[in-house]
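The values are calculated or read from the model by the stated rules, or taken from the named source; none is laboratory data. Worth saying up front: this structure is predicted, and the values here are computed from it rather than measured. Cβ placement follows ideal geometry from the backbone for every residue including glycine, while neighbour counts extend to all protein chains displayed. For accessibility, only protein heavy atoms count, side chains too; no ligands or nucleic acids. Shrake-Rupley method; radii C 1.70, N 1.55, O 1.52, S 1.80 Å.
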Amino acid sequence: MVHKRNKRELKPIKKYLKSQGVNFFQVDNLEEIIMEYTYYKMHKVDTCMSELLQPYIDRHLKRIEIFKKNIKADSIDGVYIPRNLEECFKQIDSFWTESMKTEVKNMTEDDFMGKGHFGFGRWIRNNWGLWGGSRLRTYFYEMEIYHPDDMSGIILDSYHRHLNGKEIKLDEQIKFYKDYWNKVKE
């Protein structure tokens, strides 16, 4: 974490990163880079900050390139990416057995959510591109749902309701997560 008194000293670095198409806060391990630069300068080793930053800039730009490709792709790493909740349901239905669906259907919504978040929910977040970018992530961003945990939570709750023939109440779910993050910001 960069201290307030050091922010002024970081302006040249921020300006350089911006000129390279990178947001200052998107560079991993910036403090380590600054410490490495300081070490080199203290030991009179000729180096410049841009040389130390370049590998991070390259990685960031590569991630952006992959992100732009993934948000348009119908599959990522061989896994079909649903466009919306209805397609999520179809995909889950296609790879879950009837006995699995019955087991989930008989759980309470809270139990399914509790058991599913770290197992199947993690699979959804990782394989449907909710962390790294996908058309499903874009679908949720358009609803102002930004955190992958919230996205998978909506998918899990909605699927449970779908199996049980209940109303999905998507607007209520969206409001729940928005209210949560607004409270966190306060």
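Suppose we keep only residues that are touching a residue at least 40 places away in the same chain (Cβ under 8 Å), part of a helix (DSSP H, G or I) and open to solvent by 20 Å² or more (accessible area, probe 1.4 Å) within segment 127-156. Which one would you say is nearest to Asp111 (Cα to Cα)?
Per the criteria, the residue is Asn127.
Can you pull out every residue in segment 169-178 that is over 16 Å from Glu142 (Cα atoms) and surrounded by 17 or more Cβ atoms within 10 Å (Cβ to Cβ)?
The answer is none; no residue qualifies.
Return the total of residues in segment 77-108 being in a strand (DSSP E or B) and not hydrophobic (A, V, I, L, M, F, W, C).
1
Every residue in segment 157-168 that is open to solvent by 60 Å² or more (accessible area, probe 1.4 Å) and out of contact with any helix residue (DSSP H, G or I) (no Cβ under 6 Å at 6 or more places or on another chain), please.
Correct list: Gly165, Lys166, Glu167.
Can you go through Leu136, Leu130 and tell me which one is under 27 Å from Leu30 (Cα atoms), aliphatic (A, V, I, L, M), under 17 Å from the mean Cα position of the chain (by Cα) and modelled with pLDDT of 95 or more?
Leu130
Please enumerate the residues belonging to segment 66-112 that are open to solvent by 80 Å² or more (accessible area, probe 1.4 Å) and either under 17 Å from Glu142 (Cα atoms) or touching a Leu at 6+ places or on another chain (Cβ under 9 Å) (or both).
Those that are open to solvent by 80 Å² or more (accessible area, probe 1.4 Å) and either under 17 Å from Glu142 (Cα atoms) or touching a Leu at 6+ places or on another chain (Cβ under 9 Å) (or both): Lys68, Lys72, Arg83, Glu86, Lys105.
Residues that are modelled with pLDDT of 80 or more and β-branched (Val, Ile, Thr): which helices (runs of 4 or more DSSP H) entirely in segment 11-76 hold 2 or more of them?
49-70
Just for segment 113-126: of the residues that are open to solvent by 80 Å² or more (accessible area, probe 1.4 Å) and at pLDDT below 95, which one is nearest to the chain's Cα centre (by Cα)?
Residue satisfying both the conditions and the ranking: Phe118.
If you check Asp77 against the conditions, is it on the phi > 0 side of the Ramachandran plot and among the acidic types (Asp, Glu)?
yes
Does Tyr40 meet the test of being open to solvent by less than 80 Å² (accessible area, probe 1.4 Å) and in contact with a helix residue (DSSP H, G or I) (Cβ under 7 Å, 6 or more places away or on another chain)?
no
For the list (1) touching a Ser or Thr at 6+ places or on another chain (Cβ under 6 Å); (2) more than 22 Å from Val79 (Cα to Cα), I need the number of the one condition that Ile145 fails.
(1)
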